[in-house]
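Input: a single structure, listed below in structure tokens.
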There are 2 protein chains.
Amino acid sequence: MENTAKKMDTPNAVNGVNVDELFGTINAIKNVPVIAKFKFRANNTWIDGGHNRTTIKNFYGTQQEHSRKTPFVLDADEPPILLGKDKGPNPVEYALTALAACVTTAIVYHAAAKGVTIRSMESRLEGDIDLQGFLGIRDDVPRGYKEIRMYVNIDADAPPEKLEEIVQLGPTYSPVFDTFTRAVPVSVQLER
Amino acid sequence: MENTAKKMDTPNAVNGVNVDELFGTINAIKNVPVIAKFKFRANNTWIDGGHNRTTIKNFYGTQQEHSRKTPFVLDADEPPILLGKDKGPNPVEYALTALAACVTTAIVYHAAAKGVTIRSMESRLEGDIDLQGFLGIRDDVPRGYKEIRMYVNIDADAPPEKLEEIVQLGPTYSPVFDTFTRAVPVSVQLER
């Protein structure tokens with residue numbers, strides 16, 4: 001009894017991830033794969049010019065709806081040089097944010113599953129866009145990122161030669177990395 | 001002189017976009033294409049578990065560095081069911097935010113260029129992810145979005161049969177739509 005009580009008080013956490021729950025989730029999904037099917041959602045309202053606002057509140061997963069009490073509110077805008085008023089990051093900066101956060105989380109969760117403790121991690125990202133694409137000046141120039149580079153600085157409880165392997169858990173498992181590097185079907189349609 | 005003064009006081013704005021400046025930008029780029037080359041950037045710091053923080057401050061474009069006085073700070077986390085503490089939208093929700101903001105802005109700017117006034121615009125997005133991919137349970141399941149759907153509700157100064165055409169300016173010109181639907185090269189490497 002004492003052991004059980006102790007275990008419940010001090011979860012088996014690595015990198016802030018409860019690995020008992022993580023393996024519990026993995027086993028639950030192996031038994032009932034349909035609980036792994038998630039639907040994530042966003043709502044956007046245009047405000048003015050390059051300024052618009054996204055709210056994030058609900059999602060579906062484990063065969064049920066989930067909702068935060070208060071939505072997350074994210075304003076996007078363009079800087080003045082791109083004819084906006086700089087009231088938020090611009091959309092392609094949000095895209096880098098999504099990538100940075102996702103690769104980081106993939107590293108943290110998968111390192112935790114392997115029992116590797118991460119002491120600190122920082123990263124910097126840079127992506128190239130030629131605005132001739134967006135502006136429709138040249139059709140042979142992609143509208144989006146031509147290339148994105150992410151550099152990860154990590155301090156982990158692992159020998160130096162293992163650090164590259166730990167960093168590569170990010171691109172290997174990150175959903176946003178996969179979304180950017182694979183061609184994902186996206187439909188945009190008029191709501192009737 | 002009076003005309004000039006008046007014009008400078010009341011910019012030729014459509015949808016909050018100064019179309020004189022927009023066409024000025026397009027013409028400047030046609031003359032000197034290199035000014036259209038932009039580099040967008042993000043910095044991320046891991047905090048704990050699924051919680052990490054991205055800051056957005058600098059970018060390069062028009063052959064010079066640009067910097068905001070204060071960085072934009074964006075926290076990402078996972079909801080409790082995904083073993084986090086819900087301190088921000090999760091990475092794949094940031095990805096939907098980027099897409100929503102970008103398609104919206106592409107519609108607004110390109111409608112402005114065509115002289116089409118938009119009175120209001122809202123959209124909702126939903127994307128499907130099977131977490132068997134992220135968790136490494138099945139290698140034949142994509143880690144990222146299997147599909148994303150965006151529905152746009154728009155009120156514009158255009159006949160109903162033209163609205164679909166206006167909405168399609170979004171996927172046609174949006175850099176984030178292009179980034180998701182084309183396979184973009186992304187490198188993730190250890191900073192040495």
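Report, by residue number, each residue of the stretch B:16-56 that is part of a helix (DSSP H, G or I), within 7 Å of another protein chain (Cβ to nearest Cβ) and surrounded by fewer than 21 Cβ atoms within 10 Å (Cβ to Cβ).
Listed by number, the residues that qualify are B:Glu21, B:Leu22, B:Ile26, B:Ile29, B:Lys30, B:Pro33.
Considering only residues that are farther than 21 Å from A:Ala98 by Cα and among the acidic types (Asp, Glu), look in the stretch A:131-149 and name the one that is nearest to the other protein chains (Cβ to nearest Cβ).
Filtering first and then ranking leaves A:Asp139.
Could you tell me whether A:Val34 is of a type in the set (Val, Ile, Thr), farther than 30 Å from B:Asn12 by Cβ and under 20 Å from the mean Cα position of the chain (by Cα)?
No, not satisfied.
Quick check on this structure: which one of A:Leu99, A:Leu74 is under 30 Å from A:Tyr151 (Cα atoms), in contact with a Ser or Thr (Cβ under 7 Å, 6 or more places away or on another chain) and at pLDDT 95 or above?
Checking each option against the conditions leaves just A:Leu74.
So which residues in the stretch B:122-144 are surrounded by 20 or more Cβ atoms within 10 Å (Cβ to Cβ) and among the basic types (Lys, Arg), if there are any at all?
Once the filter is applied, which keeps residues that are surrounded by 20 or more Cβ atoms within 10 Å (Cβ to Cβ) and among the basic types (Lys, Arg), the stretch B:122-144 yields only B:Arg143.
Quick one: would you say A:Arg119 is surrounded by fewer than 17 Cβ atoms within 10 Å (Cβ to Cβ) and either under 29 Å from B:Thr70 (Cα atoms) or touching a residue at least 60 places away in the same chain (Cβ under 8 Å) (or both)? Give the steps one after another, and end with the answer.
Numbers: surrounded by fewer than 17 Cβ atoms within 10 Å (Cβ to Cβ): yes; either under 29 Å from B:Thr70 (Cα atoms) or touching a residue at least 60 places away in the same chain (Cβ under 8 Å) (or both): yes.
When the stated conditions are applied, A:Arg119 passes them.
Restricting the search to the stretch A:59-116, which residues are out of contact with any His (no Cβ under 8 Å at 6 or more places or on another chain), in a strand (DSSP E or B) and facing chain B (nearest Cβ under 8 Å)?
Of everything in the stretch A:59-116, those that are out of contact with any His (no Cβ under 8 Å at 6 or more places or on another chain), in a strand (DSSP E or B) and facing chain B (nearest Cβ under 8 Å) turn out to be A:Gly61, A:His66, A:Arg68, A:Phe72, A:Leu74.
Only residues that are of a type in the set (A, V, I, L, M) and closer than 21 Å to A:Ile148 by Cα: list them for the stretch B:15-64, please.
Scanning the stretch B:15-64 gives B:Val34, B:Ile35, B:Ala36, B:Ala42, B:Ile56.
Restricting to the stretch B:72-91, give me the number of residues that are in contact (Cβ under 8 Å) with a residue 24 or more places away in the chain and under 13 Å from A:Ala98 (Cα atoms).
Within the stretch B:72-91, the subset in contact (Cβ under 8 Å) with a residue 24 or more places away in the chain is B:75-78, B:82-85, B:87-88, B:90.
With under 13 Å from A:Ala98 (Cα atoms) added as a condition, the list becomes B:75-78, B:88, B:90.
So the count comes out to 6.
Take the stretch A:36-54 and flag every residue that is in contact with a helix residue (DSSP H, G or I) (Cβ under 6 Å, 6 or more places away or on another chain) and either among the aliphatic types (A, V, I, L, M) or farther than 24 Å from B:Leu96 by Cβ (or both).
Passing the criteria: A:Ala36, A:Ala42.
For the stretch A:89-111, does any single residue satisfy the condition of being in contact with a Leu (Cβ under 7 Å, 6 or more places away or on another chain), farther than 17 Å from A:Val73 by Cβ and surrounded by fewer than 24 Cβ atoms within 10 Å (Cβ to Cβ)?
Yes; the residues of the stretch A:89-111 include at least one that is in contact with a Leu (Cβ under 7 Å, 6 or more places away or on another chain), farther than 17 Å from A:Val73 by Cβ and surrounded by fewer than 24 Cβ atoms within 10 Å (Cβ to Cβ).
Is it the case, given these coordinates, that B:Glu161 is closer than 18 Å to A:Leu135 by Cα and either assigned to a helix (DSSP H, G or I) or touching a residue at least 60 places away in the same chain (Cβ under 8 Å) (or both)?
Taking the combined requirement at face value, the residue does not satisfy it.
Take the residues of the stretch B:150-183 that are buried (at least 23 other Cβ atoms within 10 Å of the Cβ), under 30 Å from A:Glu164 (Cβ atoms) and of a type outside the set (Phe, Trp, Tyr): which is nearest to the other protein chains (Cβ to nearest Cβ)?
B:Thr179
The values are calculated or read from the model by the stated rules, or taken from the named source; none is laboratory data. For clarity, every value in this text was computed on a predicted model and none was experimentally measured. Cβ atoms come from the backbone with ideal geometry, glycine included; neighbour counts cover every protein chain shown.
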